[in-house]
Amino acid sequence: MKKFQLVEVYKGIEAGFYSIKIDDSEYSLFDEFVNKFQNSHSAIIDSITSRIAEMADEKGIRASRFKDEGEKGVEAFVGTGELRLYCLRFGNVALILGSGDTKPQGIDRYQEKDDLFKQVKILRALHDALTYYNIDVDNIEESLNIDFEINL
């Protein structure tokens, strides 16, 4: 068992974006994703962060911006080229950002690349933990920065 904390990434008037820190990591999964790809895929990272701000401040979280991965609510941002950023979307008001990796041409499913599969597995486990701890995403602020256990 590992411990995790929900942390706020960006909160606007229309939606809130969150991520998780695992164990005593200094960075959230989303921060690690941004740090890993900021230099090699800066335009895509800039697009993702701009869309997060736009959804949070103006439009809410729209289903059309995500692709359902068919795994306990795990979805991927669309329009990210070869990058895959996985998340858990809760209606149009809350989104928990995970991490991701590149999905090169020739790879059809995330299960074919270990790093992608690992990120989806983390979010599936997070989904289970949110259910187990009865974390209400409508009041997610009450659950920020509290240690919970996750089965990874």
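All of the numbers you see were taken from the coordinates with simple rules; none came from a lab. Given the structure is predicted, the values throughout are model-derived calculations rather than measurements. Note: ideal-geometry Cβ built from the backbone for every residue, glycine included; neighbour counts use all protein chains shown.
Odds and ends about this structure:
- If you plug the beta carbon distance of Asp23 and Ala43 into 1/(1 + (r/R0)^6) with R0 = 35 Å, you get a FRET efficiency near 0.65.
- Of Lys21/Lys118; Lys11/Lys113; Lys59/Lys121; Lys11/Lys118; Lys21/Lys59, pairs whose Cα-Cα distance is over 21 Å: Lys11/Lys113; Lys59/Lys121; Lys11/Lys118; Lys21/Lys59
- Within the shell defined by Cβ-Cβ distances under 9 Å, the residues around Gly79 carry a net charge of +2, with Lys and Arg each +1 and Asp and Glu each -1.
- At an R0 of 30 angstrom, the distance between the Cβ atoms of Asp57 and Glu149 translates into a FRET efficiency of 0.35.
- For Lys113, residues with placed amide H under 5 Å, excluding near neighbours: none
- In region 49-152, the trypsin sites (Lys or Arg not before Pro) that fall in loop regions by DSSP, at most 16 other Cβ within 10 Å: Arg62, Lys72, Arg109, Lys113
- With both labels modelled 7 Å from their Cα along Cα-to-Cβ, the Asp115 to Asp138 distance reads 3.9 nm.
- Across the chain, C-alpha contacts under 8 Å between residues 6 or more apart give a mean separation that, scaled by the residue count, equals a relative contact order of 27 percent.
- Region 77-137-region 49-73 distance, computed between alpha-carbon centres (Å): 12 Å
- Radius 14 Å from Cβ of Ile140, net charge of other residues (Lys, Arg +1; Asp, Glu -1): -3
- Fully extending the segment from Val93 to Ile13 would add 27.9 nm, taking 0.36 nm per residue of separation and subtracting the current Cα-Cα distance.
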